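The values are calculated or read from the model by the stated rules, or taken from the named source; none is laboratory data. The shown structure was predicted, so the numbers you read here are calculated from the model rather than taken from an experiment. Here the Cβ positions follow ideal geometry from the backbone for every residue, glycine too, while neighbour counts run over all protein chains shown.
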Amino acid sequence: MMVRIKQHLLDKIFQHGEETYNEECCGLLIGKGDLVTEVRRMRNTNSGTPTRRYNIDPLELMKVEDEVDERGDEIIGIYHSHPDHPAKPSQFDLDHSFPNLSYMVLAVEGGKAKEITSWRRKDSEKREFIQEKITEEKE
Amino acid sequence: MTEVTIAIPTPLRVYTDNQKKVKVEAEDVENALTALVTSYPSLKRHLYEDGKLMDFVNVYLNEEDIRYADSTKLKQGDKISIVPSIAGGTS
C-alpha cells in the first residue's frame with residue numbers, strides 16, 4: 001500500500017497545517033488510484049474544539065465530489081493536522097474512518113510542520129489502520 | 001414508480017461495482033436506499049447499523065439534508081447523494 005504525491009503538494013499540506021495552528025486543518029487528496037494530483041483545502045467546521053477535532057461540511061464535500069467526478073478524478077483521501085500531537089491516527093480517527101481512503105496525518109509542533117504519515121483501514125472493518133508509504137513523485 | 005439517481009461516494013463505490021451513480025425506482029427516500037442495498041448487499045453494513053442509517057452517513061436529496069426525513073416523497077429525476085461524514089482529530 002502506498003500513496004504517490006509530488007513534494008509541492010505535500011508542501012501545501014504543511015503550509016495549511018502551519019497556518020491553522022493551533023487548530024486542526026483538513027482537506028482532500030484528489031487524484032486517481034494511488035496518485036494524488038491535487039490537494040484541496042476544506043474548512044474545519046468544528047466550532048467546539050477545533051484544536052483537537054475536525055469536521056468537513058458534507059454539502060461542501062458533495063460539491064467537490066461532483067466537480068471531480070465531472071473531470072474523471074476521485075477523492076482518494078483526507079488529510080488533517082494534529083497540533084502538538086504525533087503524526088499517528090487516534091482512536092477517534094479510526095472510529096470515524098471510511099474504507100478505501102488514504103488518511104494523511106500531519107504533526108505540527110509549536111506551529112512548525114514536523115512529520116506526515118499516511119494510513120488506510122486494514123479492511124472494511126474498523127479494526128485498525130495500517131501505515132502506507134508516501135512515495136514522492138518527480139516534479 | 002419514480003426513477004431517481006443515487007450518487008455513491010468514492011470510498012463506497014467498490015461495493016457498487018465501481019458505479020458512481022445508481023438508478024433505482026422508489027416512491028420515497030427510505031425505499032430508494034433499501035432498493036440500493038438490495039441490489040448491492042455488501043454496501044449495507046457501511047450504511048446501516050442495527051437497521052438504522054449510521055451516524056457517519058449523510059443523505060441529501062438534491063442539495064437538501066434529508067437524513068431524518070427518509071419518508072420524503074421523490075419526484076422523477078431527483079438525485080439522492082450519500083455523503084460520508086468526515087471527521088477526526090487527536091484523541
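Within the stretch A:38-75, the set of residues being within 7 Å of another protein chain (Cβ to nearest Cβ) and either closer than 20 Å to B:PHE56 by Cβ or touching a residue at least 60 places away in the same chain (Cβ under 8 Å) (or both) comprises A:ARG52, A:ARG53, A:TYR54, A:ASN55, A:ILE56, A:PRO58, A:LEU59, A:LEU61, A:MET62, A:GLU65, A:GLU74, A:ILE75.
Looking across the stretch A:76-95 at every residue that is more than 7 Å from chain B (Cβ to nearest Cβ) and among the charged types (D, E, K, R), the one that is nearest to B:LYS20 (Cα to Cα) is identified as A:ASP95.
Remark: A:ASP95 matches the filter, which requires a residue to be closer than 23 Å to B:MET54 by Cα and among the acidic types (Asp, Glu). Within the stretch B:1-46, being among the hydroxyl-bearing types (Ser, Thr, Tyr) and either touching a Lys or Arg at 6+ places or on another chain (Cβ under 9 Å) or in a loop (DSSP other than H, G, I, E, B) (or both) holds for B:THR2, B:THR5, B:THR10, B:TYR15, B:THR38, B:TYR40. Exactly one residue out of B:LYS52, B:LYS79, B:LYS44, B:LYS75 is basic (Lys, Arg) and closer than 30 Å to A:THR49 by Cα, and it is B:LYS52.
Out of all the residues in the stretch B:49-91, which are among the basic types (Lys, Arg) and in a loop (DSSP other than H, G, I, E, B)? The answer is B:ARG67, B:LYS75. Does B:VAL29 meet the test of being buried (at least 21 other Cβ atoms within 10 Å of the Cβ) and either acidic (Asp, Glu) or at pLDDT below 95 (or both)? Answer is yes for this residue.
Look at (1) within 13 Å of the chain's Cα centre (by Cα); (2) on the phi > 0 side of the Ramachandran plot; (3) at pLDDT 95 or above and you find that B:ASP17 fails only one, number (1). Screening A:PHE98 with (1) surrounded by 22 or more Cβ atoms within 10 Å (Cβ to Cβ); (2) at the interface with chain B (Cβ under 7 Å from one of its Cβ atoms); (3) of a type outside the set (S, T, N, Q); (4) within 15 Å of B:PRO84 (Cβ to Cβ) gives one miss only, at (1).
Being touching a strand residue (DSSP E or B) at 6+ places or on another chain (Cβ under 7 Å) and modelled with pLDDT under 95 is a property that does not hold for A:ASP34.
Taken over the stretch A:84-98, residues that are under 14 Å from the mean Cα position of the chain (by Cα) and touching a residue at least 24 places away in the same chain (Cβ under 8 Å) amount to 6.
Restricting attention to the stretch A:1-14, the residues that are surrounded by 15 or more Cβ atoms within 10 Å (Cβ to Cβ) and over 14 Å from the mean Cα position of the chain (by Cα) add up to 1. Of everything in the stretch A:111-136, what is exposed (fewer than 14 other Cβ atoms within 10 Å of the Cβ) and touching a residue at least 40 places away in the same chain (Cβ under 8 Å)? Give them in sequence order. Those that are exposed (fewer than 14 other Cβ atoms within 10 Å of the Cβ) and touching a residue at least 40 places away in the same chain (Cβ under 8 Å): A:GLY111, A:LYS112, A:ILE130, A:LYS133, A:THR135, A:GLU136. Scanning the stretch A:15-66 for residues that are of a type in the set (D, E, K, R) and over 16 Å from the mean Cα position of the chain (by Cα) yields A:LYS63, A:ASP66.
Only residues that are more than 19 Å from B:VAL14 (Cα to Cα), within 13 Å of chain A (Cβ to nearest Cβ) and touching a strand residue (DSSP E or B) at 6+ places or on another chain (Cβ under 7 Å) were counted in the stretch B:60-91, giving 11.
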